[in-house]
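Here is the structure we will look at.
The values are calculated or read from the model by the stated rules, or taken from the named source; none is laboratory data. Worth saying up front: this structure is predicted, and the values here are computed from it rather than measured. Cβ sites come from the backbone with ideal geometry, for glycine too, and all protein chains shown count toward neighbours. These area figures cover heavy atoms from the full protein model, side chains too; ligands, DNA and RNA do not enter into them. Shrake-Rupley method; radii C 1.70, N 1.55, O 1.52, S 1.80 Å.
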Amino acid sequence: MSNQKLYQYLLLLGDNSLILGHRLSELCGHGPSLETDIALTNMSLDLYGQVRSYFQYAAKIKGDNSTEDSVAFLRTEREYHNSILVEQENKDFAHVIVRQFFFDVYHNLLLDKLKSSKDEIIAAIAHKSIKESDYHLRFSSQWVRRLGGGTVISHEKTQAAVTHLYPFIHELVSPIPIEKEMQELGIGINPDDLRDEYFNQVQEVLNEVNLEYAELKERFARGKTGIHTEQLGYILGELQYMQRAYPNMQW
Amino acid sequence: MVKTLFYIEDPVINQTLYEVSDPEIPVLSIMDMGIVRDVKVDGKKIDIKITPTYSGCPAMDTIAVDIKKALEEKGFSVDVELVLAPAWTTDWITPSGRKKLEDYGIATPLEKSMDKRALFDGERIVKCPQCQSHNTIMVSQFGSTACKALFKCEDCLEPFDYFKCLK
Ligand SMILES: [Zn+2]
């Protein structure tokens with residue numbers, strides 16, 4: 001296997017956490033209550049920590065003076081491989097929670113499998129990260145239940161978030177070629193294998209509080225191959241500003 | 001389950017490492033915290049491996065610098081490496097570390113299943129470090145840092161941090 005492929009796969013793993021971590025960090029000081037503000041920003045911090053582990057490894061593989069920072073900040077939009085779901089904006093608290101829930105279910109299933117990756121570093125990161133994402137899933141699924149089963153208004157808003165975000169979740173479990181290759185090597189996971197369990201877990205919670213979802217049609221997986229919605233442009237504008245304006249600046 | 005990590009023969013090195021604390025929980029030494037994973041001494045050269053409590057723990061960089069500084073002041077040259085495996089769990093906190101946490105006013109981690117019941121089902125099973133009452137309620141699943149949750153005692157009415165179980 002070429003190092004280039006492993007590098008690509010690490011970006012695929014890390015970019016979801018990077019972009020979702022950024023979205024959550026935008027809520028710092030803006031959470032609807034102190035409790036949720038602290039929770040969401042702590043989850044952001046967990047995701048950033050996981051990204052550092054992936055990107056330190058990616059930088060080492062890439063060589064030529066790459067660092068975790070250059071991997072995180074100095075790519076162009078088409079070189080980011082996060083799923084469309086995680087770049088969607090923080091429209092309201094319901095959107096934040098539903099987006100998080102949809103991702104957390106996938107993330108836990110993925111990390112659980114990655115624990116037995118033949119790549120020791122990926123396995124170590126998965127072992128570490130799943131302890132954290134387990135808390136995230138408990139938090140987000142509990143909030144989906146609370147909002148979906150709450151007042152008429154909280155149910156309406158949560159339904160709007162589900163209607164908006166549900167079409168994007170198909171991408172999470174639709175494989176792209178690099179994922180299939182990495183699975184054949186025993187390093188990665190073909191997310192198609194997570195599909196049934198994923199939809200079971202998601203739908204179980206949605207059904208519990210009568211949140212409706214449309215049956216899915218096959219959709220193109222686009223974010224993972226670098227084709228994004230306009231949302232990512234705004235994120236990168238902010239994420240990259242300092243490194244673009246002051247190259248090589250350090251904290 | 002308590003894991004004995006290793007035994008540091010040199011009393012100076014041992015003492016020095018016990019004096020380095022986690023900046024977010026100053027009362028707790030990094031040795032009590034169980035984040036020092038390996039210490040190799042070769043004359044005046046020391047290689048130390050540390051492991052993060054949480055992936056995003058912002059204290060790790062500071063801790064690495066503090067370890068280096070403390071031992072360099074004692075005349076050693078030091079390399080600190082961050083390792084991820086095996087992943088840290090709250091079982092790595094030593095008994096004396098747990099005692100110090102309690103004395104400091106932080107409730108110590110319950111077993112995993114009880115921890116989930118306290119945090120997600122609202123069961124009153126976390127012991128108040130001030131008055132030892134179990135009549136306590138969770139205020140926030142995440143506290144001042146990712147590793148802690150915020151609780152309130154309904155008997156003495158004091159708020160307190162609970163160190164979450166990580167396994
Ligand atoms: Zn009390």
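At-a-glance table
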item: Percentage relative contact order, the range B:11-92, counting C-alpha pairs under 8 Å, at least six apart; result: 31
item: Of every Cα-Cα pair in chain B, the percent that sits beyond 23 Å; result: 42
item: Vicinal HN-Hα couplings computed from phi for the range B:131-138 (Karplus, 6.51 cos²θ - 1.76 cosθ + 1.60; Hz; Gly/Pro x); result: 10, 6, 6, 9, 7, 10, 10, 7
item: At least 40 Å² of accessible area lost relative to the chain alone, listed for the range A:18-66 with a 1.4 Å probe; result: A:35, A:42, A:45, A:46
item: For the range B:141-162, residues shielded by at least 10 square angstrom of accessible area compared with the chain on its own, probe 1.4 Å; result: B:141, B:142, B:143, B:146
item: Within the range A:3-245: Cβ-based charge dipole about Cα centre, in debye rounded to nearest 20 (Lys, Arg +1; Asp, Glu -1); result: 320
item: Calculated over the range A:1-83: convex hull of Cα atoms, volume per residue (Å³); result: 91
item: Stretch gain in nm, segment residue A:185-residue A:251, where the contour uses 0.36 nm per residue and the Cα spacing is subtracted; result: 19.9 nm
item: Listed residues B:143, B:126, B:113: farthest to the positive end of the dipole of the range B:105-163 (Cβ charges); result: B:113
item: Solvent-accessible area buried by pairing A with B, both sides, nearest 100 square angstrom, 1.4 angstrom probe; result: 2100
item: The range B:105-163: Cα Rg divided by the 2.2 N^0.38 Å rule of thumb; result: 0.95
item: Gaussian network model of chain A, Cα within-10 Å springs - most flexible of A:162, A:205, A:86; result: A:205
item: Per residue accessible area of the range B:40-93, 1.4 Å probe, in Å²; result: 46
item: Unit charges on C-beta of K, R, D, E only; dipole of the protein assembly as shown, Debye; result: 280
item: Carbon/sulfur fraction of accessible area - chain A, other protein chains in place, 1.4 Å, %; result: 51
item: For the protein assembly as shown, average projected area of the Cα convex hull in nm²; result: 21.7
item: Heavy-atom accessible area per residue - the range A:3-245, 1.4 Å, Å²; result: 42
item: Rounded to the nearest 20 debye, dipole of chain B from Cβ charges on Lys, Arg, Asp, Glu; result: 360
item: Share of carbon and sulfur in the accessible heavy-atom surface of the range B:71-124 [1.4 Å probe, %]; result: 51
